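Here the structure is laid out as structure tokens; the discussion comes afterwards.
Since every read-out is calculated from the coordinates, none of them should be taken as a lab result. Just so it is clear, the model here is predicted, and its values are computed rather than measured. Heads up, the Cβs are rebuilt from the backbone with ideal geometry, glycines too, and the neighbour counts pull from every protein chain shown.
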Amino acid sequence: MGSRIFSDIVKGLERKSRTIIAFLITFVILSGVGYSVYLGNTLRFLPDEQDYYDIATNIVRQFSYSLNGENPTAYRPPGYPLFLSMFRYFGGGIIFLRILNFFIFGFGIYLVYKTLQREHSSLAGLIGAFLLVGYPVIFFTSGTLYPQILASVLFLLIFYLFTKDSSKFWIYILCGLLFGFLILTVPTFIFALLLFPVWMGPRHKQWVGYLTMVIVAILLLSVWGIRNFILFDDYIFVSTNSGENLLLGNSENTTPSKGTFDLSKYTSFAETLNEVERDRYYRSEAIDYIRNNKLQTFQIYILKVLNYFHYRNELVTRSEGTQIRDTIMLITYGSLLLLFIIRLFLVKEYKISYFERTLIMLYISSAFFTAVFFTRIRFRIPYDFLLIMIVALFLAKLIYRYFLKSQSKLVGSTNFT
């Protein structure tokens, strides 16, 4: 009797899934509007947010990708400022841009729902949507002028397109454009593009499609590269802060979880260099340190990989770190990570589809790639969307097997192979 009631409830939820998703998205957007108004026009995470906002403003006012409005720069990746500039052109201020992030988050909820619905069921999609809404760090990040929410949705859109139909050639062209812009937004996604062959099945047509996608992505990246070569007379891969980030994660003061870094040993000389020379200098110093301290670097690297899965960071903006937030993060992320581990242990009982293998591979490998530099929860946000999709699929399979007594939903579709 109880199982029949539960079955009826699940079927009712699946029938109403579109309405529920619309409600969840509306709830997130309206809550985001209120939160954005509450935060006001003050930027809390400096200098990052201020840099993105200033560059977007200078693109509109002076048609110049510049931090100070006078000198061109490549210090920040261009994707997010270019995106913001479209709305700055129409007068969108800090509050409006925050609200925009929540609309993007809402679209991300829809993409997770539709992707999981295709791969398993409407139930899996609903679970994924509810987990996203109940994961406050994404909501909190949406209230910042950081590129992670935009990057997350670009990444999800690529997944959505391939689960929709990976046999059509135009999908690869479009995904090449999306991947190119994604890398221009968050350069570390280059590793996801390089791992893409693992996503695909053995058909030759898909390899042709992959090569096309890579070429399209490279062409888009080349537009930015040509701009930088003309202005700086040097090749720059996306931005000139990669050397600094590498040194931040590989120097004598590096720790696995440290929120602030002391680079005073290097900054006095670096201040005499221009932007490109400084980037090259920082990178050279980081590589020298790694070569001269191989064992220590390896030990710190392993600890950074582990810290990637931590529920808290030591923030540079210390006023934004509280015990309450840490506790909420421990409960929410800790629960997701525990379910993820359980799912891995039950691999024999619950067959992992090709789609799930892709999600798991990307989530785990992202830790090893990010740890080359340094780890932050916000760097992990786009991959936490993948973690939630893995957990949602697992929970849906549990419900179908033990509560609905159905084997029909135990294996994901083959759209992704």
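Tabulated data
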{"quantity": "Farthest toward positive dipole pole in the range 2-403 [+1 Lys/Arg, -1 Asp/Glu at C-beta], among 339, 268, 198", "calculated": "339"}
{"quantity": "Cα pair distances of the chain binned at 20 Å [whole percent]", "calculated": "24, 58, 17, 1"}
{"quantity": "With Cα atoms, 0 to 90° folded angle of helix 79-88 axis to the chain main axis", "calculated": "90"}
{"quantity": "Sum of side-chain charges, residue 160 neighbourhood, beta-carbon under 15 Å (Lys, Arg +1; Asp, Glu -1)", "calculated": "+2"}
{"quantity": "Relative packing of peptides 85-98, 117-130 - highest average C-beta neighbours within 10 Å first", "calculated": "117-130, 85-98"}
{"quantity": "Fluctuation leader among 311, 235, 135 - the chain, Gaussian network, Cα springs under 10 angstrom", "calculated": "235"}
{"quantity": "Backbone HN-Hα couplings from phi across the range 367-373 [Karplus 6.51/-1.76/1.60, Hz, Gly and Pro as x]", "calculated": "5, 5, 6, 4, 5, 4, 9"}
{"quantity": "Square roots of 5 times each gyration tensor eigenvalue, C-alpha, the range 231-285, largest first, Å", "calculated": "22, 13, 8"}
{"quantity": "Inter-site label distance for residue 255 and residue 168 at 7 Å from Cα along Cβ, in nm", "calculated": "5.3"}
{"quantity": "Gaussian network model of the chain, Cα within-10 Å springs - most flexible of 303, 154, 100", "calculated": "303"}
{"quantity": "Candidates 404, 362, 132, ranked by Gaussian network fluctuation over the chain, Cα under 10 Å, top entry", "calculated": "404"}
{"quantity": "Note, ³J(HN,Hα) from phi for the range 298-308, Karplus 6.51, -1.76, 1.60, rounded to Hz, x at Gly and Pro", "calculated": "5, 4, 5, 4, 4, 5, 5, 4, 5, 5, 4"}
{"quantity": "Rounded to 10°, Cα long-axis angle of helix 323-345 versus longest principal axis of the chain", "calculated": "60"}
{"quantity": "Within-15-Å neighbourhood charge of residue 100 [Cβ basis; K, R +1; D, E -1]", "calculated": "+1"}
{"quantity": "Sequence-separation-based contact order of the chain, relative, with Cα cut under 8 Å and 6+ spacing, percent", "calculated": "20"}
{"quantity": "Net charge, residue 271 excluded, C-beta distance under 13 Å - Lys, Arg +1, Asp, Glu -1", "calculated": "-1"}
{"quantity": "Two-site FRET efficiency, residue 207 against residue 280, from Cβ-Cβ distance with R₀ of 41 Å, rounded to 0.05", "calculated": "0.70"}
{"quantity": "For the range 351-366, Karplus couplings with θ = phi - 60° (6.51, -1.76, 1.60), whole Hz, Gly/Pro x", "calculated": "4, 8, 6, 4, 4, 5, 4, 5, 4, 5, 4, 5, 5, 6, 5, 4"}
